[in-house]
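Since the structure comes first, as structure tokens, the remarks are kept for the end.
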Amino acid sequence: MITIDQFFETELRVATITAAEAIPKSNKLVKLTADLGEDEPRQLVAGIAREYEPESLVGRQVVVVTNLQPAKLMGVESRGMVLAAAEGGPPVLLRPDSPVANGTRVQ
């Protein structure tokens, strides 16, 4: 169990995917470029290639954990985590019900 204060240390923000491409030699990972309303786009890596074609992700808003330590997956740096839900099946991306400004904090 964590406290509410610990939960709010996790920074969840809405981003729009501006580019997406398969990562060579991986059938699971996709490299994403996301607009978080910051000066520069953010590079993310997500394990959603089996469920989503890269082209279908461009323009889609998603929820991203933005304050994680960067990690390298298949040699590609990821500076956040795209959130998805799964219950014994393929992941389903979490996204706002209606469009919101990039960088909007999830509360």
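Across segment 3-29, what is the total count of residues that are open to solvent by 90 Å² or more (accessible area, probe 1.4 Å), assigned to a loop (DSSP other than H, G, I, E, B) and more than 16 Å from Leu68 (Cβ to Cβ)?
Selection size over segment 3-29: 4.
Tally up the residues in segment 31-51 that are within 14 Å of Arg95 (Cα to Cα) and either free of Cβ contacts under 8 Å to residues at least 40 places away in the same chain or in contact with a Gly (Cβ under 7 Å, 6 or more places away or on another chain) (or both), please.
Residues that pass the stated criteria total 1.
Find all pairs meeting these conditions: Cβ atoms under 8 angstrom apart; at least six residues apart or on different chains; first residue within segment 88-107 and farther than 15 Å from Asp35 by Cα; second residue part of a loop (DSSP other than H, G, I, E, B) and open to solvent by 90 Å² or more (accessible area, probe 1.4 Å).
So the pair list comes out as Pro90/Arg50.
Scan segment 18-34 for residues that are over 9 Å from Pro54 (Cα atoms) and of a type in the set (A, V, I, L, M) and report the count.
To start, the set of residues in segment 18-34 that are over 9 Å from Pro54 (Cα atoms) comprises 18, 23-29, 33-34.
Now narrow it down to the ones that are of a type in the set (A, V, I, L, M): 23, 29, 34.
Number of matching residues: 3.
One residue is enough: does segment 52-72 have a residue meeting the conditions at positive phi, open to solvent by less than 80 Å² (accessible area, probe 1.4 Å) and either touching a Cys at 6+ places or on another chain (Cβ under 9 Å) or in contact (Cβ under 8 Å) with a residue 60 or more places away in the chain (or both)? Spell out the reasoning first.
Let us first name the residues in segment 52-72 that are at positive phi, namely 59.
Okay, now just the ones that are also open to solvent by less than 80 Å² (accessible area, probe 1.4 Å), so 59.
Cutting the leftovers down to either touching a Cys at 6+ places or on another chain (Cβ under 9 Å) or in contact (Cβ under 8 Å) with a residue 60 or more places away in the chain (or both) gives us none.
The answer is no, given that none of the residues of segment 52-72 is at positive phi, open to solvent by less than 80 Å² (accessible area, probe 1.4 Å) and either touching a Cys at 6+ places or on another chain (Cβ under 9 Å) or in contact (Cβ under 8 Å) with a residue 60 or more places away in the chain (or both).
The values are calculated or read from the model by the stated rules, or taken from the named source; none is laboratory data. Since the structure is predicted, the reported quantities are computational estimates derived from the model, not experimental observations. Ideal geometry is used to build each Cβ from the backbone, glycine not excepted, and the neighbour counts take in all protein chains shown. Heavy atoms of the whole protein, side chains included, go into the accessibility calculation; ligands, DNA and RNA do not. Shrake-Rupley method; radii C 1.70, N 1.55, O 1.52, S 1.80 Å.
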